[in-house]
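The structure under discussion appears below in the form of structure tokens.
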Amino acid sequence: WANCFGLVLRSLGYEVRWVRDWSDHVWCEVWSGKGARWVHADPCEEAWDKPLLYSCGWKKSLDYVLAFGRHGVVDVTRKYVPNWQETKVRRRLVNEDWLRGWCEHLTIQCLCMIMDDRERAEWTRSHAEEVRDLLRRGDANSADLQGLGGRVSGSEA
């Protein structure tokens, strides 16, 4: 459903990227021009802008969450977990520098395919800001945890 949802949004002119939790779930993020940020959108869970749904509502131990779009690849795990230091201890699949380097390499490749100079510059700036914000992201606060229910889709529902 996330794939279909993303395709419908793209056909309507929205910027969308596909997000994969390396254990078992996919969803989308939609670019909010007004908010100048990527917003979590999960059609299977009827969830909008609730990135902690999986780790706090479902009680999943997320390790790797990557976002893929026409603008590149970003490790967005910090956005989807309440405590980065606890999560970082579990991340043993690949070296952090290696992952960061490959995400940057793939992002540069994607951005190079955007022909319009102004658009490429805007997405390059947005990407840099997002990476900076993710690296500065602190732990979740109580307001971030409001309204997070259990899973309603899939085999675990």
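The values are calculated or read from the model by the stated rules, or taken from the named source; none is laboratory data. Since the structure is predicted, the reported quantities are computational estimates derived from the model, not experimental observations. FYI the Cβ positions are ideal-geometry reconstructions off the backbone, even for glycines, and counts take in every protein chain you see. The accessibility values were calculated without ligands, DNA or RNA, using every heavy atom of the protein model including side chains. Shrake-Rupley method; radii C 1.70, N 1.55, O 1.52, S 1.80 Å.
Distances between placed amide hydrogens fall under 5 Å for R137 paired with no residue 5 or more residues away or on another chain.
Find the percent of Cα-Cα distances in the chain that exceed 22 Å, and round it to a whole number. Counting every Cα pair in the chain, those more than 22 Å apart make up 41 percent.
May I ask you to list the trypsin sites (Lys or Arg not before Pro) in the stretch 1-35 that are in a DSSP loop and have at most 16 other Cβ atoms within 10 Å of their Cβ? If you can, show how the numbers build up before the last one.
On the way: sites: R10, R17, R20, K34; in loops: K34.
Taking the stretch 1-35 and a limit of 16 other Cβ atoms within 10 Å, the loop trypsin sites (Lys or Arg not before Pro) found are K34.
Axis of helix 96-112 versus longest Cα principal axis of the chain: the two differ by about 40°, to the nearest ten degrees.
Cβ under 12 Å from W102's Cβ, W102 left aside: what net charge do those residues give with Lys, Arg +1 and Asp, Glu -1?
Working: positive: R100; negative: D75, E96, D97, E104.
In short, -3.
Rolling a 1.4 Å probe over the protein heavy atoms of the chain, with every protein chain left in place, gives an accessible area that is 55 percent carbon and sulfur. Per-residue Karplus couplings for the stretch 54-71, computed as 6.51 cos²θ - 1.76 cosθ + 1.60 with θ equal to phi - 60°, are listed in order as 6, 6, 9, x, 8, 6, 8, 9, 6, 10, 10, 10, 10, 10, 10, x, 5, 9 Hz, Gly and Pro entered as x. The mean accessible area for residues of the chain, using a 1.4 Å probe and ignoring ligands and nucleic acids, is 59 Å² per residue.
Quick one: length gained pulling W1 to E86 fully straight, 0.36 nm per residue minus the C-alpha distance?
Values: separation 85, 0.36 × 85 = 30.60 nm, distance 3.06 nm.
Contour length minus Cα-Cα distance gives 27.5 nm.
Pairs of Lys residues in the chain, spaced 8 or more positions apart or belonging to different chains, with C-alpha separations under 19 angstrom: 9 in total.
At 0.36 nm per residue, minus the direct Cα-Cα distance, what do R125 and R70 gain on full extension? Give it in nm, one decimal, please.
Values: separation 55, 0.36 × 55 = 19.80 nm, distance 1.48 nm.
Additional length available on full extension: 18.3 nm.
Put a dot 7 Å past the Cα of D97, heading toward its Cβ, do the same for R118, and the two dots end up 4.1 nm apart. When only the Cβ of Lys, Arg, Asp and Glu is charged (+1, +1, -1, -1), the dipole of the stretch 41-104 relative to its Cα centre reaches about 200 debye. The residue list L93, A2, C112 was ranked by how far each Cα lies along the charge dipole of the chain toward its positive end, using unit charges on Cβ atoms, and L93 comes out on top. Under the convention that each Lys and Arg Cβ holds +1 and each Asp and Glu Cβ holds -1, the size of the dipole of the chain around its Cα centre is about 200 debye.
Evaluating 6.51 cos²θ - 1.76 cosθ + 1.60 at θ = phi - 60° for every residue in the stretch 25-39, the Karplus couplings come out as 9, 10, 7, 10, 10, 10, 6, 9, x, 5, x, 6, 7, 8, 10 Hz, glycine and proline recorded as x.
Residues whose amide H lies under 5 Å from that of K50, counting only those 5 or more places away or on a different chain, are H40; hydrogens are built 1.01 Å from N in the peptide plane.
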